[in-house]
Structure formats: structure tokens, C-alpha cells
């Protein structure tokens, strides 16, 4: 094996990567030493991230036959610790094919920073920007912009990471603005994912304007099902056997001219939850083409030139936290309304 190839492999991660050679020829055993950014995850998940181009069936077969952890066989649920030695019995050409990464595409920063420390980054997503890429936009999305920002800062160095990529733990629709939370290292990302998924850690609040006079707090709890083809959510009864439970709390703040300014607390985090839930309750969000009322939307477009939902993720409240993020307890991170939404709010109220 050429010296240059060995040098190239040696930078794939902070930890040591060795190709064992016999008689001047590369054998098919590769050793990986687990780093701090790779610990506390299952073996199958680590290998799926490392061998980016491998199928899940390939990963499972590899674990059964061609992987050892500290010299012993493991299984898909084996948890990895820092310093663990992973032995992969795989050919060099196969490894190169399965680990080959797409070139990172630099994206210009369009977001504002609401809060940042060594572990987390909370940004303000602007209107019209996807949180993640999809089939229609693979380059200019929020996640890619954040990665580019962290690379420029030196907080993320892709060539030193085998599996970790800074990622968001919550998602906003393209035309919903506001706060999105990112983990800057693997431990923080894992902890944030748990905190955003389970109750008792992070309360998420939105500002919206709805049609109608909402006089008192609404506590909405129903089930939902999503039509993937139409990208629409249907609200179902709690008694329905199908669907996932969703819970939304809506608190009226101001009422004027047939509209109510509402603070929404998102208890669960389903697709289009706030929009579908408020519409079903009789208080559609202004400008919402999918779930709103066409006659109201026409008036809103005519009066304010708004053609999408008035919905802004404006506050994250940390009421609990786990190590290493205990210091976040008590913090309230806010994002002001974008200028056009602020203007509409002031005009109505």
C-alpha cells in the first residue's frame, strides 16, 4: 500500500486509523479507535455513519461476520466507549468505496445567531429556507449554512471527523421563521435530541395570528395522520385507532379587527401540527394556504402582501437539562418577529 494512501487514511478522524500490513501487502483488517465524538452510540449506528454508502443489510452482515470490538464479537446494540478498538475485516478498495464522502458545498450565511456556546448553537431561520435539504434543494439549506459557518469558525473540521456532523434537533417548515437548535458535538447533539423529544426539558413557543376571537386558552389533544403524497395532515379523534397523538396549547394575547395574536406552546412536535390543529379548532392561521380560509387569505394578501402562514418560533425555555448541558436550565432564548411580520402585527393590533 502506498505511503500517500496511508497518510490520507490517517486523517479520517481524530482517532488513530491503522491498516495492518503483512509482507508489504495490505491485509483486510482495519482498526479504528473510538473518539469522544463517537462514543455512547450503538455499533450499527456508528458503522452506518462511517460506511456512508453501505446498505443496512450490509452493515448487519458485517457485524455478524467481520467486526470485532476490543478483540471480541459484538452485536448491533453494543454501545461504544471512548478508546474502544474496532477491527473491520474489509478490503481497502471496498472501504474507500463505502466511506467516500460527497464534497461539502459552502453555503452563504443567511441566519442570525440567537445563542451560542461550546456545545450548542441556536439560530434564527429566515423565511423561505429549508431546515434540511430535500430533492428540490440540496445545497442552500439551513443545516448546510450552519456547517459552513462552523467550519469557518474552526469549531467543526470535517477531515478530523469520521461520523459526526453538527445537526439540528428541531425542524421548521420552509416558510415558518424562528429558532432552530443545533448540537456542535456528538454528546451535546445526543443530549439535545433526548431533551427535545421528551417532556420536562425544553418548552417551545410560537407567535401566530389567527382569524377569529380566541377568548381563552385552548388545550388541544388529538391524533393526526399525514398524507405523504399531498404533504397534508388530517386531524383525527383521540378515539381513532390510527394516527399519532399531538398536543398543542394556544394562549390568546391580543384581539382586534377579527384577529387574535396567539402564543402557541408546542407540546408534541408533529408535521404541520400548529397549523392543522388551530384550523381544526376553528382558528386558522392567517396566510396559511394549506389549512387556512381562502377568503381570509385573499384579504390578508391584499392588505399586507402576505401569501404564507404567519408563524414564528420565538422562544425556547430550558426548564431542565442533562449533562453536559445542565448550565442551560433557566435560560430563555428569544427571536424577535421578522420585520414584515412585526409590521403586520402592529397594523392589526
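The values are calculated or read from the model by the stated rules, or taken from the named source; none is laboratory data. Computed from a prediction, not measured in an experiment: that's the story for all the values here. Positions of Cβ are generated from backbone atoms using ideal geometry, with glycine treated the same way; all protein chains shown enter the neighbour counts.
Within segment 339-349, take every residue that is under 23 Å from residue 125 (Cα atoms) and loosely packed, with under 15 Cβ neighbours inside 10 Å and give me the one that is farthest from the chain's Cα centre (by Cα).
So the residue we want is 346.
For the structure I just gave you, tell me whether residue 256 is out of contact with any strand residue (DSSP E or B) (no Cβ under 8 Å at 6 or more places or on another chain) and either surrounded by 21 or more Cβ atoms within 10 Å (Cβ to Cβ) or under 26 Å from residue 334 (Cβ atoms) (or both).
Values: out of contact with any strand residue (DSSP E or B) (no Cβ under 8 Å at 6 or more places or on another chain): yes; either surrounded by 21 or more Cβ atoms within 10 Å (Cβ to Cβ) or under 26 Å from residue 334 (Cβ atoms) (or both): yes.
It is true that residue 256 is out of contact with any strand residue (DSSP E or B) (no Cβ under 8 Å at 6 or more places or on another chain) and either surrounded by 21 or more Cβ atoms within 10 Å (Cβ to Cβ) or under 26 Å from residue 334 (Cβ atoms) (or both).
Within segment 131-162, can you find the residues that are modelled with pLDDT under 85 and either touching a helix residue (DSSP H, G or I) at 6+ places or on another chain (Cβ under 7 Å) or farther than 20 Å from residue 37 by Cβ (or both)? Reasoning before the result, please.
Of all residues in segment 131-162, those modelled with pLDDT under 85 come to 133-139, 159-160.
Those that are modelled with pLDDT under 85 and either touching a helix residue (DSSP H, G or I) at 6+ places or on another chain (Cβ under 7 Å) or farther than 20 Å from residue 37 by Cβ (or both): 133, 134, 135, 136, 137, 138, 139.
I'm trying to understand the selection: among the residues of segment 66-95, which are in a helix (DSSP H, G or I) and either at pLDDT 90 or above or in contact with a helix residue (DSSP H, G or I) (Cβ under 9 Å, 6 or more places away or on another chain) (or both)?
92, 95, listed by residue number.
Out of segment 211-254, which residues are more than 21 Å from residue 290 (Cα to Cα), modelled with pLDDT under 95 and in a strand (DSSP E or B)?
none
Looking at residue 243 and the list (1) within 21 Å of the chain's Cα centre (by Cα); (2) at positive phi, which single condition is not satisfied?
(1)
For residues in segment 172-194 being in contact with a helix residue (DSSP H, G or I) (Cβ under 9 Å, 6 or more places away or on another chain) and closer than 22 Å to residue 263 by Cα, which is surrounded by the most Cβ atoms within 10 Å (Cβ to Cβ)?
177
So, in segment 43-57, of the ones that are over 14 Å from residue 78 (Cα atoms) and in contact (Cβ under 8 Å) with a residue 40 or more places away in the chain, which residue ends up surrounded by the fewest Cβ atoms within 10 Å (Cβ to Cβ)?
53
Output the residue which, of all residues in segment 269-299 that are free of Cβ contacts under 8 Å to residues at least 24 places away in the same chain and loosely packed, with under 15 Cβ neighbours inside 10 Å, is nearest to residue 349 (Cα to Cα).
Across segment 269-299, the extreme among qualifying residues is 299.
Hey, can you tell me all the residues within segment 301-338 that are part of a helix (DSSP H, G or I) and crowded, with 21+ Cβ neighbours inside 10 Å? Reasoning before the result, please.
Just the residues of segment 301-338 that are part of a helix (DSSP H, G or I), to begin with: 301-304, 326-328.
Matches in segment 301-338: 328 only.
Sort out which residues of segment 213-235 are farther than 29 Å from residue 258 by Cβ and surrounded by 12 or more Cβ atoms within 10 Å (Cβ to Cβ), and write them in order of number.
Passing the criteria: 223, 225, 226.
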